[in-house]
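Novice: This is the structure I want to talk about, given as structure tokens.
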Amino acid sequence: MSRQVVSVNGCTSFRDVAEVLLTYGVSAVPVVDGEGHVLGVVSEADLLHREEFREQFYGEGYRPPVRVRLRERVRSPSRNVAAKARAETAAQLMTAPAVTVRPHTNAVSAARLMSEHGVKRLPVVDDDGRLEGVVSRTDLLKTIVRSDEEVAREIRDDIVEGALWADTSHVHVAVSDAVVTLSGTVPRRGDVMTLVRMTERVNGVVDVVDRLTWERDDTLENE
């Protein structure tokens, strides 16, 4: 995510919000309260309900992209569209509640949320809903194109050596074209399941090949 984030408050005027989007070259901006809690998001689509925004910044006769028009037609009741067309502040313009993610949300889940809600940026919030940053489509693409060496190093350092109490000294990690192969031996079968699940969640991992063996099948002990 990007930690240097521009935001507005609920009282920010329609025109100032438009200037923020254009000045910083972003498609949406979080709306926060005095303590940094994310209240909603104002997007370019929200602003396009205002005739003067279209005319001033895009020229008379501008029409939003087809995807934006279809999304608004399906999701926005006409009453809401009319209200936004008369909106003067960010609080009146914003879409709320905002679609947000947490700092530990993996890239796949964030990308899925973007696709489901038709947005290009997601505010990242802490446990109390305060703004910590913003993750964009570009940020997500950077995680996908990680090198095999980067992925292998994270799995070894953060998972194999750092996440389990079990002896993982005999576990080997190999990465080729974003496919991870785990091999070697661990004390318990449950450790294998944990290692595989955690490895699958690492950003940049396409698939996990499990070639691990175990010394004791602890899954049978719970039956």
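The values are calculated or read from the model by the stated rules, or taken from the named source; none is laboratory data. Quick caveat, the model's predicted, so the values are computed rather than measured. Cβ coordinates were reconstructed from backbone atoms using ideal geometry, including for glycine residues, and neighbour counts include every protein chain displayed. Just so you know, the surface numbers come from the protein's heavy atoms only, side chains and all, with ligands and any DNA or RNA stripped out. Shrake-Rupley method; radii C 1.70, N 1.55, O 1.52, S 1.80 Å.
Novice: Can you pull out every residue in the stretch 142-180 that is closer than 19 Å to residue 214 by Cβ and open to solvent by less than 30 Å² (accessible area, probe 1.4 Å)?
Specialist: Residues satisfying the conditions are 155, 159, 160, 166, 168, 171, 173, 180.
Novice: Just need a number here: residues in the stretch 191-223 that are assigned to a strand (DSSP E or B) and on the phi > 0 side of the Ramachandran plot.
Specialist: So in the stretch 191-223, the residues assigned to a strand (DSSP E or B) come out as 207-216.
From what is left, the residues that are on the phi > 0 side of the Ramachandran plot are none.
Qualifying residue count for the region: 0.
Novice: Name every residue in the stretch 8-37 that is within 16 Å of residue 126 (Cα to Cα) and open to solvent by 30 Å² or more (accessible area, probe 1.4 Å), in order of residue number. Even if it seems obvious, please write down each step before you answer.
Specialist: Within the stretch 8-37, the first condition is being within 16 Å of residue 126 (Cα to Cα), and the residues that meet it are 30-37.
Selection gives 33, 34, 35, 37.
Novice: If the requirement is being in contact with a helix residue (DSSP H, G or I) (Cβ under 6 Å, 6 or more places away or on another chain) and small (Gly, Ala, Ser), which of these qualifies: 152, 98, 166?
Specialist: 166
Novice: Please state which of the following conditions residue 213 fails to meet, knowing it meets all the rest: (1) touching a residue at least 24 places away in the same chain (Cβ under 8 Å); (2) open to solvent by less than 50 Å² (accessible area, probe 1.4 Å); (3) β-branched (Val, Ile, Thr).
Specialist: For residue 213, the exception is condition (2).
Novice: In the stretch 23-58, what residues are within 23 Å of residue 99 (Cβ to Cβ), part of a helix (DSSP H, G or I) and modelled with pLDDT of 85 or more?
Specialist: Answer for the stretch 23-58, where residues must be within 23 Å of residue 99 (Cβ to Cβ), part of a helix (DSSP H, G or I) and modelled with pLDDT of 85 or more: just 24.
Novice: Can you find a residue in the stretch 11-22 that is at positive phi and out of contact with any helix residue (DSSP H, G or I) (no Cβ under 8 Å at 6 or more places or on another chain)?
Specialist: No, every residue in the stretch 11-22 fails to be at positive phi and out of contact with any helix residue (DSSP H, G or I) (no Cβ under 8 Å at 6 or more places or on another chain).
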